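All remarks here apply to the structure that follows.
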Amino acid sequence: MDFRLTAAEDAFRADVRRWLDAALPQFFATPAQREPRTAAERIAASKAWQRTLFDGGWAGITWPRAHGGRGASIVEQLIFSEECAAAGAPDSINLAVALGLTGPTLMACGTAPQQAQFLPRILRGDDIWCQGFSEPNAGSDLAGLRTRGVVEGDTIAVTGQKIWTSFAQYADWCILVVRTDPNAGKHRGLTFLLVDMKSPGITIRPLVEMTGEAWFNEVFFDDVKVPRANVVGEIDKGWDVVITTLAHERGGAAPHARLRRELHGLLALAQTQPRNDATAVADPGVRQQLAQLAVEVQIARLTAYRNVTVIQRTGKPGPEGSILKLFWSELEQRLMDTACALLGPYATLAGDEARGVDHNQWTRELLWTRSATIYAGTSEVQRNIIAQRVLGLPRA
Ligand SMILES: Cc1cc2nc3c(=O)[nH]c(=O)nc-3n(C[C@H](O)[C@H](O)[C@H](O)COP(=O)(O)OP(=O)(O)OC[C@H]3O[C@@H](n4cnc5c(N)ncnc54)[C@H](O)[C@@H]3O)c2cc1C
């Protein structure tokens, strides 16, 4: 593969930089930048940023122009992500479901009225979407889901429970998978729905994580009526749509951009934290650890490039996506472990505790990144995929 960018891609990077310089406040990516603390703050910041992106013509970069996007290549998407992370632009985690999953799924499988109703609003950041896939007994084994959908003329009546539904309490809409034919095989008889979260019969119970925030939720459905017009694809053929959605969840990621920013923060931390009458960065053991992490962030970058190359050549993500997910999620945990080791007892300070370092963000991230090896496919599941599809090992 060729790691060099074309002249047009270099020009694109320069354009992105210029625009970000003008669009972001000066304090971004400096120690004065205070990361949003609560889920509500993050949602608000992310929504506002999405609107700025839209107004600047940068929303839905790889979406086709016909659907209001920029029609850019996946390499340009990668460049854009790298530049946003380097500039400290707000992340769009609340819009990941909307822009990253719902939009591409609707473009691939939705009806023209569904596309017209939802796609422009997603690009503008008008609606927050949540993902109602996981259930108490269906996570890695998603096809084991049991939430029922009963087809009643022009509506589907939904009853059941979802869990770990991120930011459901802030969501306007949900992509929901239900079982409409309980007698069909596990992967058959499923239906993919677009559900208005204000519908009568929905109860949301936030779950508090170890960060102290309630990011994800239990969501209960009690005879919730969903119009048939909100079925994506065909009734009982929802698994095909799920596969489309999951391919987008695992493809084209650029986590190295965020990791690089975190690494730079860690290097700055090592230059200020005391150790043995000097700063930590003078300690040979610490230097060794930092060098190792720097090497691993480069490995994550090159693996992301390999992943993008495969998508560019074949049009779909390959098992490289699993290698990348496994590697970056565990690397991010090691990075946060190192930061908190440098902080020593200060790592026990959290929240708004004023005596902490860097607004106590390292401790929060240490706790939050434990989830990275679970969501979007656990490390064990990624290892299974690598074993079977990369190494060709037999199924157990
Ligand atoms: C922060 C966060 C946000 C999330 N947000 C959402 C969301 O918005 N919407 C949504 O639908 N879901 C969401 N999830 C749920 C996530 O998709 C599931 O947690 C994940 O799929 C794992 O499923 P599970 O929790 O049921 O664990 P299980 O699948 O029950 O797994 C339990 C353990 O068994 C292991 N295991 C399972 N199967 C195998 C196997 N075949 N081989 C080897 N080991 C195996 C797993 O690796 C894990 O260690 C979120 C999760 C987290 C942590």
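The values are calculated or read from the model by the stated rules, or taken from the named source; none is laboratory data. What you see is a predicted model, and the numbers here were worked out from it, not measured in a lab. Glycine also receives a Cβ, built like all others from the backbone with ideal geometry; neighbour counts cover every protein chain displayed. The protein model used for the area step is the full one, side chains on, heavy atoms only, and it has no ligands, DNA or RNA in it. Shrake-Rupley method; radii C 1.70, N 1.55, O 1.52, S 1.80 Å.
Across all Cα pairs in region 107-174, the calculated P(r) in 5 Å bins from zero up to the longest distance comes to 3, 14, 16, 20, 22, 18, 6, 0 percent per bin. Helix 7-23 and the longest principal axis of the C-alpha atoms of the chain enclose an angle of approximately 80°. Short to long, the 5 Å bins of the Cα pair-distance histogram for region 61-163 hold 2, 10, 15, 17, 19, 15, 11, 7, 3, 1, 0 percent of all pairs. Taking chymotrypsin sites (Phe, Trp or Tyr not before Pro) across region 183-282, none is in a DSSP loop with at most 11 further Cβ atoms lying within 10 angstrom of its Cβ. When only alpha carbons are used to place a centre, region 88-130 and region 182-252 end up 15 Å from one another. Take the Cα coordinates of region 211-332, assign each an equal point scatterer, and use the Debye formula without solvent to give log10 I(q)/I(0) at q = 0.11, 0.17, 0.19, 0.22 Å⁻¹. Log10 I(q)/I(0), no solvent term: -0.63, -0.98, -1.06, -1.16.
As a ratio to 2.2 N^0.38 Å, the alpha-carbon radius of gyration for region 180-276 is 1.72.
On the protein heavy atoms, probe 1.4 angstrom, tell me the percent of accessible surface of the chain carried by carbon and sulfur.
Roughly 54 percent, rounded to a whole number.
So what is log10(I(q)/I(0)) for region 293-360 at q = 0.18, 0.23 1/Å, when the Debye sum runs over its Cα atoms only? Listed by q, the Debye log ratios stand at -0.72, -0.91. In the full protein context, the chain carries 47 Å² of accessible surface per residue, based on a 1.4 Å probe and ignoring ligands, DNA and RNA. Within the chain, the longest segment free of exposed loop sites, counting trypsin sites (Lys or Arg not before Pro) that fall outside DSSP classes H, G, I, E and B and have at most 11 other Cβ atoms within 10 Å, spans 35-197. Between the DSSP loop rule and a limit of at most 12 other Cβ atoms within 10 Å, which GluC sites (Glu not before Pro) in region 342-396 are left? Loop-located and lightly packed - E353. Two numbers describe the Cα atoms of the chain: Rg and Dmax, which are 21.8, 76 Å.
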